[in-house]
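All remarks here apply to the structure that follows.
Throughout, read-outs are computed from the coordinates displayed, never taken from laboratory work. Not measured: the values here are computed from a predicted model. Positions of Cβ are generated from backbone atoms using ideal geometry, with glycine treated the same way; all protein chains shown enter the neighbour counts.
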Ligand code: HEM
Ligand SMILES: *[C@@H]1O[C@H](CO)[C@@H](O)[C@H](O)[C@H]1NC(C)=O
């Protein structure tokens with residue numbers, strides 16, 4: 001583990017990777033007037049290079065598709081399932097931070113800082129801390145079973161990592177806790193938007209659609225301080241990571257067929273509308289990267305700063321897509337959480353969407369939200385966590401995020417979807 005940490009330290013994102021407030025404003029203004037390419041608001045001039053961008057997933061190549069075996073873990077994230085089904089992540093569905101950085105870099109050109117950030121949170125809230133391993137699906141056995149509880153995997157992180165208002169999957173409360181079920185009305189809406197190619201702005205329209213669906217139909221709908229941002233960010237991931245690239249469209253083009261491959265949905269859509277799937281079938285766990293597919297350019301890797309930029313750009317078009325709080329037991333009863341009260345005044349609602357406050361807030365909140373495996377034993381072995389948090393701090397390092405001394409999670413008690 002020590003060795004891994006040293007390697008990763010070299011990758012730690014420099015302050016220069018974060019746009020200044022002025023640069024951010026300029027990018028957002030430009031996006032508002034011209035729309036965004038599928039490479040994201042921060043990447044308006046991508047160049048195509050076939051050799052650099054081709055992802056070889058042929059049967060004879062290094063990353064052929066294989067259906068997961070009975071003991072391989074898979075979850076509700078199509079990007080991770082597809083990466084594991086092609087061996088970019090270990091096929092058993094369990095990865096270290098280094099494996100996440102390498103695999104998601106190769107498959108999607110995800111930037112190392114973003115991969116470290118997402119994997120570190122996954123370990124902290126649902127992974128095995130001593131081995132620095134996390135699961136893209138369900139739980140697995142702890143490496144220190146006498147001391148530490150078994151890690152739950154990201155599939156078991158409702159309201160912490162996994163959230164309501166997902167792009168195609170259903171809300172926990174509306175599906176007896178199973179958050180892996182495709183909602184056909186969501187999928188059908190997405191397929192309609194994808195006619196002629198799905199753009200980044202259209203994935204935000206989908207985010208707006210599913211957000212309102214949850215508000216209107218789920219009395220327990222809830223958006224946590226970290227997970228509530230993961231769900232809209234995952235919408236932006238669809239355009240940014242799943243699009244195919246070419247000389248004609250270096251900014252990427254995302255067809256319905258490519259979406260079906262990544263989401264493991266087959267069929268033509270004949271007879272589909274509303275909640276009716278028609279001939280669509282969801283083949284759980286069979287997510288695959290299409291043949292002949294070209295990822296985003298290596299010169300335009302997608303970073304944590306890009307996630308924030310695209311969330312903000314999305315929220316300028318559809319302000320309802322970024323929220324923290326929930327319904328209070330009846331539909332359409334959304335009440336927001338006061339971010340100032342939540343954080344002892346360190347952050348506040350008026351400035352949350354300015355500068356880098358959002359990313360600082362989200363990652364501090366994710367850490368404050370509770371270290372799953374350490375329930376009750378933090379004092380004894382708290383320093384096992386140090387290598388993980390130090391990598392996270394490396395990623396956020398350039399930002400000098402304020403420390404949170406208070407995190408008043410009892411403010412969430414009024415939301416039945418929080419304690420559910
Ligand atoms: C370390 C990297 C990643 C982690 C830890 C991660 C984690 C997650 C989690 C926890 C969810 C559930 C959120 C929700 O409830 O909506 C999710 C959903 C999702 N993720 Fe990922 N993800 C990662 C990378 C990716 C990549 C590379 C892609 C795209 C290629 C992607 C695309 C998506 C999509 C589209 C969803 C929504 C699924 C649905 O509603 O059906 N993710 N991811
Ligand atoms: C990606 O784009 C290239 C160039 O236009 C095309 O040949 C290829 O079939 C496309 N791949 C997919 C999976 O659509």
- Got at least one residue in the range 316-339 being in contact with a strand residue (DSSP E or B) (Cβ under 9 Å, 6 or more places away or on another chain), within 16 Å of ligand 1 (Cβ to nearest atom), touching a residue at least 24 places away in the same chain (Cβ under 8 Å) and outside any loop (DSSP other than H, G, I, E, B)? yes
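In the range 235-252, which residues are within 14 Å of ligand 2 (Cβ to nearest atom) and buried (at least 19 other Cβ atoms within 10 Å of the Cβ)? Please lay out each step first, then the result.
Of the residues in the range 235-252, the ones within 14 Å of ligand 2 (Cβ to nearest atom) are 241-252.
Hits for the range 235-252 are 241, 242, 243, 244, 245, 250, 251, 252.
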Reported set for the range 22-64 where residues are part of a helix (DSSP H, G or I) and either within 24 Å of the chain's Cα centre (by Cα) or closer than 20 Å to residue 303 by Cβ (or both) is 22, 23, 24, 25, 26, 27, 28, 30, 31, 32, 52, 53
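Okay, residues lined up against (1) more than 13 Å from ligand 1 (Cβ to nearest atom); (2) touching a residue at least 40 places away in the same chain (Cβ under 8 Å):
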position: 205; (1), (2): yes, yes
position: 245; (1), (2): yes, yes
position: 266; (1), (2): yes, no
position: 290; (1), (2): no, yes
position: 293; (1), (2): no, yes
Note to self: Going residue by residue through the range 186-195, is there one that turns out to be in contact (Cβ under 8 Å) with a residue 24 or more places away in the chain, in a loop (DSSP other than H, G, I, E, B), within 16 Å of ligand 2 (Cβ to nearest atom) and more than 19 Å from the chain's Cα centre (by Cα)?
What the structure shows: yes
Over 28 Å from residue 137 (Cα atoms), buried (at least 20 other Cβ atoms within 10 Å of the Cβ), out of contact with any helix residue (DSSP H, G or I) (no Cβ under 7 Å at 6 or more places or on another chain) and touching a residue at least 40 places away in the same chain (Cβ under 8 Å): does that describe residue 300?
yes
Picking from 181, 230, 168, the residue that is near ligand 1 (Cβ under 10 Å from one of its atoms) and surrounded by fewer than 19 Cβ atoms within 10 Å (Cβ to Cβ) would be 181
Within the range 80-108, the residues that are in contact with a helix residue (DSSP H, G or I) (Cβ under 7 Å, 6 or more places away or on another chain), surrounded by fewer than 22 Cβ atoms within 10 Å (Cβ to Cβ) and not in a strand (DSSP E or B) are 90, 91, 98, 105
